[in-house]
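> Encoded as structure tokens, here's the structure I'll be asking about.
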Amino acid sequence: MELTWYGRTCVRLRGRDAVVVNDAYPAVVGPTGRGISGDIVTYSHPDDGPVSRAKGRLSRDGGTVLPTSLEEAFVLDGPGEYEVKDVLLTGVRTYRDDAKGAERGKQTAFVVELDSLSTIHLGDIGHLLTEEKLGDIGSIHVACVPIGGALSATKAAELIAQLGPKIVVPMPAREEDDTWRDALARFLHEMGAQPVAQPKLSITPSGLPSETTTVVLESRGKV
């Protein structure tokens, strides 16, 4: 499986039989200026801003305009268990704050089973997980965690400790805010990691590290 980060909380997982894109914001394009492609698109939460009046397909909750390049993809934006193109996906109800959504609203974290690897995309989560939620999520190999949002660096590291993945991919969720570099640095300090940024990550079940490893990716997206 190949994992690429396109800025904010947008991640693309390319497997042998399908491509899953998480949180594709309307203006995202790849490094060549072309739209990113995928078979399945998941959205953790609607766009914060008002929905664009531009023509385009909307997510099922009507809160997000899909990029043109993904209009033919199968869209998921809520909790539940799904099987699409032989890919198993589990949407788990979570929140964007530590007050069960009272401050910033609810969201969905998605677990994607692709190429015998379990990847969780935590969206813009703002809290630690209960035992019940951890049971819903199950065993995780790769965790994509937001940095610079509602979670402090310490809480983000605690969340990773709860999940126990082999690989951690931090997603600076507020790239337009200059504080994201400091937020990422604090998280890496909490994780005891000093990784060198790389363009993408290729993962196989046999190649997973024995201990939790943090991987920093370069943003491949252009707005």
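The values are calculated or read from the model by the stated rules, or taken from the named source; none is laboratory data. No experiment lies behind these values; they were computed from the predicted model shown. Because the Cβ atoms are built from the backbone with ideal geometry, glycine has one as well, and the counts that use them run over all protein chains shown. All accessible areas refer to the heavy atoms of the entire protein, side chains included, with ligands and DNA or RNA removed. Shrake-Rupley method; radii C 1.70, N 1.55, O 1.52, S 1.80 Å.
> When all protein chains stay in place, what accessible area (Å², nearest 10, 1.4 Å probe) is found for T90?
Answer for T90: close to 40 Å² accessible.
> Nearest 20 debye, what's the magnitude of the dipole of the chain about its Cα centre given +1 on Lys and Arg Cβ and -1 on Asp and Glu Cβ?
On the way: 24 positive and 31 negative charges, 107 e Å.
With only Lys, Arg, Asp and Glu charged at Cβ, the dipole is about 520 debye.
> Would you please put 199-208, 14-23, 96-105 in order of how densely packed they are, using the mean number of other Cβ atoms within 10 angstrom per residue and starting with the highest? Display every interim value, and only then the final one.
Numbers: 199-208: 12.2, 14-23: 20.7, 96-105: 15.1.
For the peptides 199-208, 14-23, 96-105, the packing ranking is 14-23, 96-105, 199-208.
> Also, I was wondering about something else. Got a sec? What order do M191, M1 fall in by accessible area at 1.4 Å, biggest, i.e. largest, first? Mind showing how you got there, number by number?
Details: M191 50, M1 25 Å².
From most accessible down to least: M191, M1.
> From Cα pairs below 8 angstrom and at least 6 apart in sequence, can you work out the relative contact order of the chain, rounded to a whole percent?
Details: 530 pairs, mean separation 44.8, N = 223.
RCO, the chain: 20 percent.
> Compare K133, K155 by solvent-accessible area with a 1.4 Å probe and give them largest first, with all protein chains kept in place. It would help to have the intermediate numbers written out before the result.
Values: K133 45, K155 85 Å².
Output order, biggest surface exposure first: K155, K133.
> Could you work out the helix-only [θ] at 222 nm for the chain, with each DSSP H run of four or more residues adding -39,500 (n - 2.57) and the total divided by the number of residues, to the nearest 500 deg cm²/dmol? Could the numbers behind the result be given before it?
Numbers: 3 runs with 30 residues, N = 223.
About -4000 deg cm²/dmol.
> Counting only protein chains, not ligands or nucleic acids, how are D178, D136 ordered by accessible area (probe 1.4 Å), most first?
On the way: D178 135, D136 80 Å².
Highest to lowest solvent-accessible surface, that is D178, D136.
> So, one more: Name the most mobile residue of G149, G164, G138, meaning the one with the largest mean-square fluctuation, in a Gaussian network model of the chain with Cα contacts below 10 Å.
Maximum fluctuation in the GNM of the chain, among the listed residues, is at G138.
> Please grab the % of Cα pairs in region 156-223 that end up more than 19 Å from each other.
Working: 846 of 2278 pairs.
Pairs farther apart than 19 Å: 37 percent.
> Report the Cα centroid-to-centroid distance between region 64-100 and region 160-208 in angstrom, as an integer.
So the two Cα centres are separated by 22 Å.
> Now for a different question. Can you give the Rg to Rh ratio of the chain, both from alpha-carbon atoms, with Rh computed by the Kirkwood formula? It would help to have the intermediate numbers written out before the result.
Numbers: Rg = 16.0 Å, Rh = 17.3 Å.
Answer for the chain: 0.92.
> Continuing with the same structure: With the chain treated as a Gaussian network of Cα nodes joined by springs under 10 Å, which of Y25, Y43, Y82 yields the largest mean-square fluctuation?
Y82
> Write down the accessible area per residue of the chain in Å², having rolled a 1.4 Å probe over the full set of protein chains. Working shown, then result.
Numbers: 10640 Å² over 223 residues.
For the chain, the solvent-accessible area averages 48 Å² per residue.
> What is the mean projected area of the alpha carbon convex hull for region 125-186, to one decimal in square nanometres?
Numbers: hull surface 15.9 nm².
Convex hull of Cα atoms, orientation-averaged projection: 4.0 nm².
> While we're here: Taking Rh as the Kirkwood radius, which is the inverse of the mean 1/r over Cα pairs, what is the Rg/Rh value for region 99-139?
1.02
> Grab the beta carbon distance between T213 and E158, set R0 = 22 Å, and tell me the FRET efficiency rounded to 0.05. Working shown, then result.
Numbers: r = 18 Å, r/R0 = 0.80.
Computed FRET efficiency for T213 and E158: 0.80.
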